[in-house]
Amino acid sequence: MNRKSILLLLIFAISVFGQNLKDENLMQGIPKGFKLGFKDYNKKTHISLIEFIPKGETVQNWSQMITTNIYHRNINLSAKEYIQYMNSSWKKSCQDNYTKFLPDGKENGYEYALFMAYCKKNKMTNKEEFTYFKAIKGNDSFYVVQKAFSYSPTKEEVIASMKYLQNVFICDTRLDNCPKVVK
């Protein structure tokens, strides 16, 4: 999904729900063919968890999943440090694994880092899992978006996943770096 598609999604959300962007915002589209599978906000930890899955699947039995974690009180790690922590956690939770750090940098003024992880058999699902992560360090919150497959994705699916993550970004109305929406 490109930024133009995200802008159209944003315009749709504003026109349907009457909401305008305020302060810091995660700009993330929902891929065609996906639906909301689960959404929760933990009042104790101040973390939002949102899961999208293909239509016709469940969060218990999925082939692909997009998971978004928003740490509303932010965390005391850079995006790169978070990815290093995920690498360590992944290696502890999966004996037969492969991980790879991908390019990191800044976009729209915010630091991000990318990471790929493979697990031959995920202990929770008992399935093979390939996951691509994007961590973004905001000023107010910390954001992590994951695209996971419970099978070995094709080259085209990997490219599409990386393009999807490339188009996930944050903006802040206080910094005037959000897409402009004309009503």
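The values are calculated or read from the model by the stated rules, or taken from the named source; none is laboratory data. Just so you know, these numbers come straight off a predicted model, no measurement behind them. Quick reminder, even Gly has a Cβ in these numbers, built from the backbone with ideal geometry, and neighbours come from all protein chains shown. In case anyone asks, the SASA skips ligands and DNA or RNA and just uses the protein heavy atoms, side chains included. Shrake-Rupley method; radii C 1.70, N 1.55, O 1.52, S 1.80 Å.
The residues of segment 35-64 that are open to solvent by 80 Å² or more (accessible area, probe 1.4 Å) and touching a strand residue (DSSP E or B) at 6+ places or on another chain (Cβ under 7 Å), listed by number, are Leu36, Phe38, Lys39, Tyr41, Lys55.
Residue selection: Ile159 fails the criterion of being under 19 Å from Leu77 (Cβ atoms) and not polar (S, T, N, Q).
For segment 117-171, residues that are within 21 Å of Leu36 (Cα to Cα), within 15 Å of the chain's Cα centre (by Cα) and of a type in the set (A, V, I, L, M) total 9.
The set of residues in segment 74-97 that are outside any strand (DSSP E or B), open to solvent by 40 Å² or more (accessible area, probe 1.4 Å) and more than 19 Å from Val145 (Cβ to Cβ) comprises Asn76, Ser88, Lys91, Lys92, Ser93, Gln95, Asp96. Among residues of segment 59-75 that are free of Cβ contacts under 8 Å to residues at least 60 places away in the same chain, those with a Cβ under 8 angstrom from a residue that is open to solvent by 40 Å² or more (accessible area, probe 1.4 Å), sequence gap 6+ or separate chain, pair up as Val59/Phe38. Which residues, counting only those in segment 37-50, are in a strand (DSSP E or B), over 25 Å from Asp172 (Cβ atoms) and not small (Gly, Ala, Ser)? Correct list: Phe38 only.
Does segment 16-32 contain any residue that is at pLDDT 80 or above, open to solvent by 80 Å² or more (accessible area, probe 1.4 Å) and either more than 25 Å from Met162 (Cβ to Cβ) or not in a loop (DSSP other than H, G, I, E, B) (or both)? Looking through segment 16-32, at least one residue is at pLDDT 80 or above, open to solvent by 80 Å² or more (accessible area, probe 1.4 Å) and either more than 25 Å from Met162 (Cβ to Cβ) or not in a loop (DSSP other than H, G, I, E, B) (or both).
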